[in-house]
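Down below is the structure, laid out as structure tokens.
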Amino acid sequence: MSHDSRANDLAAQHLLPRANYKLTELAEEVARCARPLLPDGSKLFLGLEQNDAGSLRMIWWRGDDFRVIAEIEATPEAFCPEDSDEGILQDAAAACLTYLAGRWPTPPRRLGIITDGTGVAFSPARPAVAQAGWLMAHASGEAPLTAIVALAPRGPCALLCTPSVAPSRH
């Protein structure tokens, strides 16, 4: 991919204003752990939401119509087995979301991230990814996503990545 086209692809996502190496490391681990749960060609992506009591909800959505495909919700004591793909992702997501919540002056009651297995993003304006209308608010541009690690520009989350600047003609 040429440098110019990569820059254009990343311009469709808001990136963190300052690098946070610990958060980036945790987000990269979430994306890595999600890959086995997002089969190639499936056009699926995951929403991972933790509430203030520690319960974690995993939601698989289809990228072309935002239909829910599957959900798992559990408290840490009831996470899937630690040697399963789901359990590994639950542990990684809980660590990432707990750290991210600690960056908030007053953490929201529900905080979520999305991943396409490449990147990880969240929404400061609408932190609860399982909230009704969350996907459409981002697809319509009403609320921007902030990428911790850039999502795939042509992946299943592409409709959620609204331009951060007005398009220009050349």
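Cα atoms only: what Rg and Dmax, in Å, come out for the range 27-170?
My reading of the Cα-based Rg and Dmax gives 14.6, 56 Å.
Would the range 40-92 count as rounded, prolate or oblate if I go by the C-alpha gyration tensor, calling it rounded below 1.5 in a/c and otherwise prolate when a/b exceeds b/c, oblate otherwise?
Cα axes put the range 40-92 in the oblate bin.
Pairing the Cα long axis of helix 21-34 with the longest principal axis of the chain, what angle in degrees results, from 0 to 90 and rounded to the nearest 10?
80
Could you please state, rounded to a whole Å, how far the C-alpha centre of the range 12-78 is from the C-alpha centre of the range 100-134?
After rounding, the separation between the Cα centres reads 10 Å.
To the nearest 20 debye, what charge dipole does the chain have about its Cα centre, counting +1 at the Cβ of each Lys and Arg and -1 at the Cβ of each Asp and Glu?
About 720 debye.
For helix 85-101, report the angle its Cα long axis makes with the longest principal axis of the Cα atoms of the chain; keep it between 0 and 90° and round to the nearest 10°.
70
Where the Cα atoms of the range 66-140 are projected onto their three principal axes, how long is each span, largest first, in whole Å?
Result, largest extent first: 38, 33, 23 Å.
What distance in nm separates the simple spin-label points at Asp40 and Asp85, each placed 7 Å from Cα in the Cβ direction?
According to this spin-label approximation, the distance is 1.3 nm.
Mind giving me the FRET efficiency for Ser55 and Lys22? R0 is 22 Å, r the Cβ-Cβ distance, nearest 0.05 is fine.
Values: r = 23 Å, r/R0 = 1.06.
Using R0 = 22 Å, I get an efficiency of 0.40.
Of Phe66, Leu46, Pro81, whose Cα points farthest to the positive end of the dipole of the chain (charges on the beta-carbon: +1 Lys, Arg; -1 Asp, Glu; origin at the Cα centre)?
Farthest towards the positive end: Phe66.
Taking a ≥ b ≥ c as the square roots of the eigenvalues of the Cα gyration tensor of the range 101-142, is the shape rounded (a/c under 1.5), prolate (a/b larger than b/c) or oblate?
Verdict is oblate for the range 101-142.
Laboratory data are not the source of any read-out in this text; all were calculated from the coordinates shown. Every value quoted in this text rests on a predicted model; they were computed, and no experiment measured them. Here the Cβ is made from the backbone with ideal geometry for all residues, glycine too, and neighbour counts use every protein chain on show.
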